[in-house]
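Each reported figure results from applying straightforward, stated rules to the coordinates on display, with no laboratory input. No experiment lies behind these values; they were computed from the predicted model shown. Cβ coordinates were reconstructed from backbone atoms using ideal geometry, including for glycine residues, and neighbour counts include every protein chain displayed.
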Amino acid sequence: MATQGEPSDLVKVLHLLVLSFSWGMQIWVSFIAGFALVWKVSRHTFGLVQSKLIPVYFYCLLGSHFVSLAIYAVYHPRELLDTHETVQLVLYFVALTMAGVNAQWFGPAASQVMLQMWEVEKEHGLGNQVGMSSQKEGYAKLKEQDPKYRAYKRTFGRYHGLSSLCNLIGVICTTTNLIYTALNLSTI
């Protein structure tokens, strides 16, 4: 274990709490909340909730990943790192980068295109249905008939897909760091 001084118990607890907070938030937002909400509210309400909560989520991740990386870097100087610690440091950095990219580019871009898509959907009486499967044919017909809507849908899919990929990479990095930390609790 490479350390420059031993962290205090308070620093160890802070590091573990911040890492656990990040992981728990990522699991809840990525895999549970959206799936539960999508079946309970209309499509546009779901999108509105997502557009307000997701930026907060990304910035909370950005802050917590920064704190985790900073604490880890302070107590694990680059010159003293072994291979496993180097991997863990890189994972902290990648998670921070993915949260930053999502907070600054993909999240806002997806929300902006989503709002443009909504305008077209509202013109055609779509978006107020509850559940994902209701009026599928209406959306398919609109996509076929309206090139502007089709372009919005494609652009939204691209931004949403890239955002989801960045989020998944962040989840994997945080999960790996949490597992590594749990297996090496004495070396936090």
Practice task
For residue 20, put the label point 7 Å out on the Cα→Cβ axis and report which residues of the stretch 34-78 keep their amide N under 19 Å from it.
Solution key: 61, 64-69, 71-72
Exercise for the section: Set the Förster radius R0 to 45 Å, insert the Cβ-Cβ distance between residue 9 and residue 45 as r into 1/(1 + (r/R0)^6), and round the FRET efficiency to 0.05. Expected result: 0.50
Handout entry: FRET efficiency estimate (nearest 0.05) - Cβ-Cβ, residue 70 to residue 37, R0 30 angstrom
Key = 0.35
Exercise for the section: Assuming 0.692 mPa s and 37 °C, estimate D for the stretch 73-188 with Stokes-Einstein, Rh taken as the Kirkwood radius over Cα pairs, in µm²/s. Expected result: 191
Exercise for the section: Report the relative contact order of the stretch 9-187, percent, no decimals, based on alpha-carbon pairs under 8 angstrom and at least 6 residues apart. Expected result: 33
Problem - Loop-resident sites, the stretch 1-101, for trypsin sites (Lys or Arg not before Pro), counting at most 13 other Cβ within 10 Å (DSSP) - result: 40
Practice task
Quick one: check the C-alpha center-to-center distance for the stretch 103-170 versus the stretch 34-73, whole angstrom.
Solution key: 18
Fill in the blank from the handout: Quick calc, the stretch 9-187, dipole around Cα centre from Cβ unit charges on Lys, Arg (+) and Asp, Glu (-), nearest 20 debye, gives 660
Exercise for the section: Return the FRET efficiency for the residue pair residue 172, residue 128: r is the Cβ-Cβ distance, R0 is 45 Å, and the value is rounded to the nearest 0.05. Expected result: 0.80
Problem - Hits among aspartates and glutamates - C-alpha to C-alpha of residue 141 under 15 Å, sequence gap 8 or more where chains match - result: 121, 123
Completion exercise
Summing -39500 (n - 2.57) over every DSSP H run of at least 4 residues in the chain and dividing by its residue count gives a helix-only mean residue ellipticity at 222 nm, to the nearest 500 deg cm²/dmol, of -25500 deg cm²/dmol
Fill in the blank from the handout: Result row for the chain, helices from DSSP H with C-alpha axial extent 20 Å or more and mean Kyte hydropathy at least -1.0, is 9-27, 43-75, 83-101, 107-123, 147-183
